[in-house]
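S.K.: Before anything else, here's the structure in question.
The values are calculated or read from the model by the stated rules, or taken from the named source; none is laboratory data. Only a predicted model underlies this, so the values are computations on that prediction, with no experimental measurement involved. Methodologically, a virtual Cβ is constructed for each residue, glycine included, from the backbone with ideal geometry; neighbour enumeration extends over all protein chains shown. Note: areas computed on protein heavy atoms with side chains; ligands, DNA, RNA excluded. Shrake-Rupley method; radii C 1.70, N 1.55, O 1.52, S 1.80 Å.
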Amino acid sequence: LAQSLLALFASSLAISLVFAIIPLCHNVVVLAVVMAVAGLAMGCIDTISNMQLVKIYQKDSAIFLQALHFFVGFGALLSPLIADPFLSDTNCILANGTANASSNLPHIRKSLLPHHPGNLSHYDLPMKGMVVTRVSYAFWIMALINLPVPIAVFFLLYKERMVPCFNGSSHPLLSADELALETRPGDKDELSTSAQRPHTAAGHEDLFSCCQSKNFRGASFTYFAVHITGALVLFMTDGIVGEYSGFVYSYAVEEPLAVVHKVAGYLPSLFWGFITLGRLISIPVSYRMKPATMVFINVVGVLITFLLLLIFSSSVVFLFVGTASLGLFLSSTFPSMLAYTEDILQYKGCATTVLVTGAGIGEMVLQLLVGSIIHDRGSYSFLVCGMIFGCLAFTFYALLVFFHRMYPKPSPELDEASPDKAAVPEDTGQYQR
């Protein structure tokens, strides 16, 4: 826990520093290095936060994972709104004698983009001159908004007496958790010892101890198959999120839809808005519904939505309806898959690392793939690619269910002897901390 919190503190602080530095980068190589540091920090935050929620809450982790990913979607929806007032409507740099010409750029875009977007690069835009953009303020505002996060993590480290220089007078938060666990007076001693055992053991474990080779000895092939198929499902679904949000605007402004640019600009916001709404709805739903069922509904919903988008490909209205529907179905796939896979593998945390990595690779690779296909084959291939990725996601999910049925269940003796089982009262349908 200490290693995880220290990594979260360093990563979240790095995010604020990176956002403050970005406007000061006047060299593309320096900017690339800074952005790489930001990506590394965000990857650490994503992996560790998911992994720790799974380890701490185990069977109740589905609810907390849905809440975590609601805030992911909320941030993705909010940050463009913060940046929008500071973006320039014309070229950001005006050279001498080009101030009047820059006012014609929106007209040039509208006349060229629907037919030959590559020709836009033939126009010489000034690289030196008067800067008219105020986008730097957006980055600095985001840096300030993020700053309370590392402060809160440091406060948690301080309260848990995990900061070497400040471990004298503060009272740890664990005592409050132990009191919350003591729901029955007769089980007071049993619960307190069982609550201390995992905490003591965790102090000697490495952050990535689950990745050590000794843990793989004697593991059945279904153990690895569950990891691989789960990662492939998220590779496809997160890839769909990345490619759809990245290219739906380009698809909308092309023929045959030819949506006005300003109207088409609302599509990515609509998509992320319904992802955020879906994750908010999924918090109470995940309390009543199994993660496996939620993933099945999500994957089938994505398939049906893409099928209807292909059928009604000439309808602007259905493009907006389909975008909202797709965001809704994709919203809870990631957290539900994490909860489902970890449930199969008894909440060791290893699957979370594999799944988060698979999702990140999918989001990167599928965007590159779809971008090149659209460039060669035209805008309609955007929906065809989405349909293919949806079919693959459903296929990998079916394989995951198959391997789940083959996966050996833990023996009742070991299950009863587990310290985690002793610490949690019987499941009565109510949430237990």
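S.K.: Between MET289 and TYR407, 0.36 nm times their residue separation minus their Cα-Cα distance comes to what?
M.R.: Taking MET289 through TYR407 to full extension adds about 40.3 nm, to one decimal.
S.K.: Ranked highest first by the average count of other Cβ atoms within 10 Å around their residues, in what order do 18-29, 147-158, 275-286 fall? Working shown, then result.
M.R.: On the way: 18-29: 14.2, 147-158: 16.1, 275-286: 20.8.
For the peptides 18-29, 147-158, 275-286, the packing ranking is 275-286, 147-158, 18-29.
S.K.: Can you figure out the FRET efficiency of CYS391 with PHE312, using R₀ = 22 Å and their beta-carbon distance, to the nearest 0.05?
M.R.: Calculated value: 0.70.
S.K.: Same structure, new question: On a full-extension model of 0.36 nm per residue, what is the gain between LYS348 and LEU369, subtracting their alpha-carbon distance, rounded to one decimal in nm?
M.R.: Numbers: separation 21, 0.36 × 21 = 7.56 nm, distance 3.36 nm.
Full extension of this stretch gives 4.2 nm more.
S.K.: Once both labels are modelled 7 Å past Cα along the beta-carbon direction, what's the THR357-LEU156 spacing in nm?
M.R.: 2.3 nm
S.K.: Rg/Rh for the range 267-346: what does it come to with C-alpha atoms and Rh from Kirkwood?
M.R.: Checking Rg against Rh, the ratio lands at 1.05.
S.K.: Label points 7 Å out from Cα along the Cβ direction at ALA398 and LEU40: separation in nm?
M.R.: With each label point 7 Å from Cα toward Cβ, the separation is 4.3 nm.
S.K.: Quick one: accessible surface of HIS404, probe radius 1.4 Å, all protein chains present, in square angstrom to the nearest 10.
M.R.: Solvent-accessible area, nearest 10 Å²: 80 Å².
S.K.: As a test of understanding, state the convex hull volume per residue of the range 220-409 from its alpha carbons, in Å³.
M.R.: Output value, Cα hull per residue: 105 Å³.
S.K.: Expressed as a whole percentage, what fraction of the accessible surface of the range 220-409 belongs to carbon and sulfur atoms when a 1.4 Å probe is rolled over the protein heavy atoms?
M.R.: 73 percent
S.K.: Give, as ranges by residue number, the residues of the range 251-268 whose backbone N falls under 17 Å from the point 7 Å along Cα→Cβ of TYR380.
M.R.: 251-259
S.K.: Using unit Cβ charges (K, R positive; D, E negative) and no other charged atoms, how large, in debye to the nearest 20, is the dipole of the range 220-409 about its Cα centre? Don't skip to the end; give the middle numbers.
M.R.: Details: 8 positive and 8 negative charges, 118 e Å.
Around 560 debye, computed over the range 220-409.
S.K.: For the range 220-409, what's the relative contact order in percent, using C-alpha pairs closer than 8 Å and at least 6 residues apart?
M.R.: Working: 234 pairs, mean separation 83.5, N = 190.
Contact order relative to length: 44 percent.
S.K.: Please calculate how many Å² of accessible area the range 220-409 carries per residue, with a 1.4 Å probe and no DNA, RNA or ligand atoms counted.
M.R.: 42 Å²
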